[in-house]
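Chemist: Quick one: the structure is below, questions incoming.
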């Protein structure tokens with residue numbers, strides 16, 4: 001549960017960024033981070049929880065690690081939420097720039113371990129993919145082992161885990177993938193709302 005006065009920091013790639021105004025530290029973008037924050041503040045105004053967003057479009061886990069001290073350690077939030085990994089997969093296929101599972105685990109363990117040193121709660125969100133083409137279906141060979149790393153690190157550090165890939169895969173089976181992520185990667189407004197609701201459920205009830 002998010003306790004009174006908690007400071008929450010979301011970080012990750014474009015899914016978290018969601019076109020936020022980076023010149024305005026209070027701007028949360030137009031995605032799941034904003035929706036989760038708005039819902040929580042509407043439901044629990046008495047708690048005075050504050051939310052920040054440091055997501056930056058295009059980032060891979062190595063980029064997050066390089067900026068970790070300045071963007072995440074320095075403000076020392078009470079809750080750190082991380083969603084990263086799909087660009088590590090996508091760049092292998094689109095640009096020929098792979099991130100091996102070993103590299104991903106090294107960098108992911110580093111940022112989560114450092115977050116766990118100061119944050120009372122760390123929330124790890126599975127990177128996700130709802131393939132809309134045969135090309136993207138092949139990406140699962142790269143992404144699935146990275147999701148397994150997220151699970152392993154979550155267990156090792158006793159973090160909260162938002163099973164976003166599991167959730168989107170199940171929903172896409174009944175509606176079709178485009179309803180949630182028209183390009184297979186970036187959520188629609190409904191997709192962001194679905195992720196925000198699941199994030200809040202995990203943080204409020206599993207935490």
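The values are calculated or read from the model by the stated rules, or taken from the named source; none is laboratory data. Since the structure is predicted, the reported quantities are computational estimates derived from the model, not experimental observations. Reconstructed Cβ throughout: ideal geometry from the backbone, glycine too, with neighbour counts over all protein chains shown.
Chemist: Only one of (1) in contact with a helix residue (DSSP H, G or I) (Cβ under 8 Å, 6 or more places away or on another chain); (2) in contact (Cβ under 8 Å) with a residue 24 or more places away in the chain; (3) in a helix (DSSP H, G or I) is not met by residue 190, so which one is it?
Modeler: Going through the list (1) in contact with a helix residue (DSSP H, G or I) (Cβ under 8 Å, 6 or more places away or on another chain); (2) in contact (Cβ under 8 Å) with a residue 24 or more places away in the chain; (3) in a helix (DSSP H, G or I), residue 190 breaks only (2).
Chemist: So, one more: Specify which of the listed residues (175, 169, 188) is surrounded by fewer than 19 Cβ atoms within 10 Å (Cβ to Cβ) and closer than 20 Å to residue 12 by Cα. Steps first, please.
Modeler: Details: 175 fails: closer than 20 Å to residue 12 by Cα; 169 fails: closer than 20 Å to residue 12 by Cα.
From the options 175, 169, 188, the qualifying one is 188.
Chemist: Still on this structure, I have one more. Hey, any hits in the range 36-55 for a residue that's out of contact with any strand residue (DSSP E or B) (no Cβ under 9 Å at 6 or more places or on another chain) and under 22 Å from residue 112 (Cα atoms)?
Modeler: Checked against the condition, which is being out of contact with any strand residue (DSSP E or B) (no Cβ under 9 Å at 6 or more places or on another chain) and under 22 Å from residue 112 (Cα atoms), the range 36-55 yields no hits at all.
Chemist: Just one of the numbered conditions (1) closer than 30 Å to residue 69 by Cβ; (2) surrounded by fewer than 17 Cβ atoms within 10 Å (Cβ to Cβ); (3) in contact with a helix residue (DSSP H, G or I) (Cβ under 9 Å, 6 or more places away or on another chain) is not true of residue 154; which one?
Modeler: Result: residue 154 passes all but (2).
Chemist: Does residue 145 fit the bill of being modelled with pLDDT of 95 or more and in a loop (DSSP other than H, G, I, E, B)? Spell out the reasoning first.
Modeler: Numbers: modelled with pLDDT of 95 or more: yes; in a loop (DSSP other than H, G, I, E, B): no.
The answer is no for residue 145.
Chemist: While we're here: When you go through (1) farther than 16 Å from residue 105 by Cα; (2) out of contact with any strand residue (DSSP E or B) (no Cβ under 9 Å at 6 or more places or on another chain); (3) without any contact (Cβ under 8 Å) to a residue 12 or more places away in the chain one by one for residue 201, which number turns out not to apply?
Modeler: (2)
Chemist: So, one more: Which pairs have Cβ atoms under 7 Å, sit 6 or more apart or on different chains, and link a residue in the range 88-103 that is within 18 Å of residue 66 (Cβ to Cβ) to one that is modelled with pLDDT under 95?
Modeler: The qualifying pairs do not exist here.
Chemist: Here's something else I'd like to know. Of all strands (runs of 3 or more DSSP E) completely enclosed by the range 1-96, which ones contain at least 1 residues that are surrounded by fewer than 19 Cβ atoms within 10 Å (Cβ to Cβ)? Talk me through it step by step, then tell me what you get.
Modeler: Working: elements: 7-12, 50-53, 79-83.
The qualifying strands (runs of 3 or more DSSP E) are 7-12, 50-53.
Chemist: Got a sec? Which of 101, 122, 132 is farther than 20 Å from residue 61 by Cα and surrounded by 14 or more Cβ atoms within 10 Å (Cβ to Cβ)? Lay out the reasoning, then the answer.
Modeler: On the way: 101 fails: farther than 20 Å from residue 61 by Cα; 122 fails: farther than 20 Å from residue 61 by Cα.
The conditions single out 132.
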